1. Only one of these conditions is not met by PRO293: (1) in contact with a Lys or Arg (Cβ under 8 Å, 6 or more places away or on another chain); (2) farther than 25 Å from GLY173 by Cα. Which number is it?
2. Count, please, the residues in region 325-342 that happen to be at pLDDT 95 or above and in a loop (DSSP other than H, G, I, E, B).
3. Output the residues belonging to region 215-259 that are in a loop (DSSP other than H, G, I, E, B), without any contact (Cβ under 8 Å) to a residue 60 or more places away in the chain and of a type in the set (Val, Ile, Thr).
4. Select from region 112-127 the residues that are open to solvent by less than 10 Å² (accessible area, probe 1.4 Å) and at pLDDT 85 or above and write down the one among them that is farthest from VAL313 (Cα to Cα).
5. Considering only residues that are in contact (Cβ under 8 Å) with a residue 60 or more places away in the chain, over 18 Å from ALA264 (Cβ atoms) and of a type outside the set (D, E, K, R), which ones fall in region 282-295?
6. Restricting the search to region 153-198, which residues are closer than 24 Å to ARG239 by Cα and part of a strand (DSSP E or B)?
7. So, in region 292-318, how many residues would count as being in a loop (DSSP other than H, G, I, E, B), open to solvent by 10 Å² or more (accessible area, probe 1.4 Å) and either of a type in the set (D, E, K, R) or farther than 30 Å from GLY101 by Cβ (or both)?
8. For GLU321, all conditions in the list (1) at pLDDT below 95; (2) loosely packed, with under 15 Cβ neighbours inside 10 Å; (3) part of a helix (DSSP H, G or I) hold save one; what is the number of the exception?
Amino acid sequence: MTREVRRGGNAPTPRAVDVARLAGVSQKTVSRVLNNEQYVSAEVRQRVLDAAGKLGYRLNNAARALASGRNRSIGVVTLGTALYGPASLLMGIERAVRDMGYALRVVNTMEGDPSGIAGAVESLLEQGVDGIVISEPIDEGAELVRADVPVLVYGTPLPFSAPRVVTAGVGSGELAHAATEHLLDLGHATVHHVAGPQRWYAARERLAAWRAALAARGLGEPPVVEGDWSAASGYAAGRRLASDGDVTAVFAANDDMAIGVIRALMEAGRRVPDDVSVVGFDDIPVAAYVTPPLTTVRQPFDAVATGGLRLLVHAIERPDEDLPAAADHPVELVVRASTAPPPRRTPGRGRATSH
């Protein structure tokens, strides 16, 4: 059975898989040819180029790649979200990419998308990018993702097969540990946690760091309340926590949820910080202006974005050299008025009084 490929006004854009099928090779071989990599015979290379030309597959990109060896473009896979953390990291990545003389290609993924990261990576490879950045990944239960260019992952490393996989962290674990320790150092008997959605690796890191901070003090874990990063989910969590008179300290996995927690506590008559202290995560712009101003930990988005991109560009331009050491980013705890020592207990009654 033969297949005829026609290009009309409404014909779909050809993909790497179409070139591979017409040339009788694998998609990996197509990517190697279009990225001017070694280990491809002259006959196979010509067959792929002929197939790409026949299909009209990204001929300009292919020609530039073959002429220079690089397109000087970097692709970014990011969640299609307006959340402060991912959006701020993406802005930092965009500035860093352009400052380093590369063009930026962005592909958004959505939670629940079955093709997810693998589909986004394939799309970027078809555009001939020289490297790929994975920003704020979530667990999609995906199989091994393959790329023929260096890959930079911000956060938890994913199962990637690539010439080089570079990781750069925003320090979620260290920041969450510092937030929990701040409350314990104030004298609170324990700290309750409002976690982010556990499909997010960043939420898992913050949860694990909270647990580690409690374990280091020999403390047990109160039940975790899981939110979805929104202030509304923090409000719902705060209503649950407000009904427990033993709750005196809460660490929320982001500032939006922390603000929701504070609103719920205050509506229930639990004063912040007199009765309950609350710490957030991110230091969003409004955190300093809510009532009370929110104690939080600040993520160094620009510094992390720039440091990670420098490693990726090094891997692209000097593939045979070892990577330079990654820069350390200090933990920045921003103490405001939402935290204080725990309330005193009335002798014999176990009830709290203000201090």
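The values are calculated or read from the model by the stated rules, or taken from the named source; none is laboratory data. Fair warning: this is a prediction, and the values are worked out from it, not measured in the lab. Every residue, glycine as well, gets a Cβ built from its backbone with ideal geometry; the counts of neighbours run over all protein chains shown. Surface accessibility is based on the protein's heavy atoms, side chains included, excluding ligands, DNA and RNA. Shrake-Rupley method; radii C 1.70, N 1.55, O 1.52, S 1.80 Å.
1. (2)
2. Residues meeting the conditions: 8.
3. VAL224, VAL247
4. That would be ALA120.
5. First, pick out the residues of region 282-295 that are in contact (Cβ under 8 Å) with a residue 60 or more places away in the chain: 282, 284, 295.
If we keep only those that are over 18 Å from ALA264 (Cβ atoms) too, we end up with 282, 284.
Matches in region 282-295: ILE284 only.
6. Residues satisfying the conditions are HIS192, HIS193, VAL194, ALA195.
7. Matching residues across region 292-318 total 3.
8. (3)
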